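Enquirer: Sending over a structure as structure tokens; questions will come in a sec.
The values are calculated or read from the model by the stated rules, or taken from the named source; none is laboratory data. Predicted model only: the values in this text are computed from it and were never measured. Neighbour counts are summed over all protein chains in view; Cβ atoms, including those assigned to glycine, are modelled from backbone coordinates with ideal geometry.
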Amino acid sequence: MPEALRDLGVDVKIHDEHFAPDTPDEEWLRVVSARGWFVLTGDKRIPRSPLAVAVIRSSSAAVFIVAMKDRTGPKMAEVVTKHLQRMVNLAASRRRPFIARVLPSGVDVVKTALS
């Protein structure tokens, strides 16, 4: 998926290029938020993790979770590239923090300002 986004001119940062693979979610989420990056992940556990949600709530995180059954790289890239402009618009205009799902049918904000 990163290559497909880079082909579109998106500045993509890969988790494992900046963090150890076993870095706890709450740690890398804090750093990513501080850098102003938005999160794109297939990890559907993040909104259910009290520690991760606490970090997101105390930051300016924009978290997009790809939520689909067929999560192969090509399928995820297809869905993300289809909805990329909506994601960019949300990240730029929506009050943060928030968590959104990226679905084949669109982008659905599920937790706004995490209040």
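Enquirer: Could you grab me the full set of residues in segment 32-65 that are in contact (Cβ under 8 Å) with a residue 40 or more places away in the chain and β-branched (Val, Ile, Thr)? Break it down stepwise before answering.
Expert: The initial filter retains those residues of segment 32-65 that are in contact (Cβ under 8 Å) with a residue 40 or more places away in the chain, namely 33, 38, 40, 46-47, 53, 56-57, 64.
The answer is 46, 53, 56.
Enquirer: Going by what's in this entry, would residue 8 be described as among the hydrophobic types (A, V, I, L, M, F, W, C), loosely packed, with under 15 Cβ neighbours inside 10 Å and within 21 Å of residue 103 (Cα to Cα)?
Expert: Working: among the hydrophobic types (A, V, I, L, M, F, W, C): yes; loosely packed, with under 15 Cβ neighbours inside 10 Å: yes; within 21 Å of residue 103 (Cα to Cα): yes.
Spelling it out, residue 8 is indeed among the hydrophobic types (A, V, I, L, M, F, W, C), loosely packed, with under 15 Cβ neighbours inside 10 Å and within 21 Å of residue 103 (Cα to Cα).
Enquirer: With (1) within 14 Å of the chain's Cα centre (by Cα); (2) in a helix (DSSP H, G or I) as the list, and residue 44 as the residue in question, which single condition is left unmet?
Expert: All conditions are met except number (2).
Here's the yes/no breakdown for (1) exposed (fewer than 13 other Cβ atoms within 10 Å of the Cβ); (2) outside any strand (DSSP E or B); (3) in contact with a Lys or Arg (Cβ under 8 Å, 6 or more places away or on another chain); (4) not charged (D, E, K, R):
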{"position": "55", "(1), (2), (3), (4)": "no, yes, yes, yes"}
{"position": "74", "(1), (2), (3), (4)": "yes, yes, no, yes"}
{"position": "78", "(1), (2), (3), (4)": "no, yes, no, no"}
{"position": "91", "(1), (2), (3), (4)": "no, yes, no, yes"}
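Enquirer: Of all residues in segment 1-35, how many are among the β-branched types (Val, Ile, Thr), in a loop (DSSP other than H, G, I, E, B) and under 15 Å from the mean Cα position of the chain (by Cα)? Let's see the steps before the verdict.
Expert: Taking segment 1-35 first, the residues among the β-branched types (Val, Ile, Thr) are 10, 12, 14, 23, 31-32.
Those left that are additionally in a loop (DSSP other than H, G, I, E, B): 10, 12, 14, 23.
Imposing the further condition that a residue be under 15 Å from the mean Cα position of the chain (by Cα) reduces the set to 10, 12, 14.
Total satisfying the criteria: 3.
Enquirer: While we're looking at this one, here's another question. Taking residue 65 as meeting all but one of (1) under 12 Å from residue 99 (Cβ atoms); (2) in contact with a Lys or Arg (Cβ under 8 Å, 6 or more places away or on another chain); (3) surrounded by fewer than 18 Cβ atoms within 10 Å (Cβ to Cβ), write down the number of the exception.
Expert: The single condition residue 65 does not satisfy is (3).
Enquirer: Determine, yes or no, whether residue 48 is basic (Lys, Arg), under 21 Å from residue 93 (Cα atoms) and out of contact with any strand residue (DSSP E or B) (no Cβ under 8 Å at 6 or more places or on another chain). Don't jump to the end; show me each part of the working.
Expert: Working: basic (Lys, Arg): yes; under 21 Å from residue 93 (Cα atoms): no; out of contact with any strand residue (DSSP E or B) (no Cβ under 8 Å at 6 or more places or on another chain): yes.
No: the conditions fail for residue 48.
Enquirer: Here's something else I'd like to know. Output the residues belonging to segment 1-25 that are at pLDDT below 90 and of a type outside the set (A, V, I, L, M, F, W, C).
Expert: Matches in segment 1-25: 2, 3, 6, 7, 9, 11.
Enquirer: Another one. Looking at residue 101, is it basic (Lys, Arg) and exposed (fewer than 14 other Cβ atoms within 10 Å of the Cβ)? Talk me through it step by step, then tell me what you get.
Expert: On the way: basic (Lys, Arg): yes; exposed (fewer than 14 other Cβ atoms within 10 Å of the Cβ): no.
In short, no.
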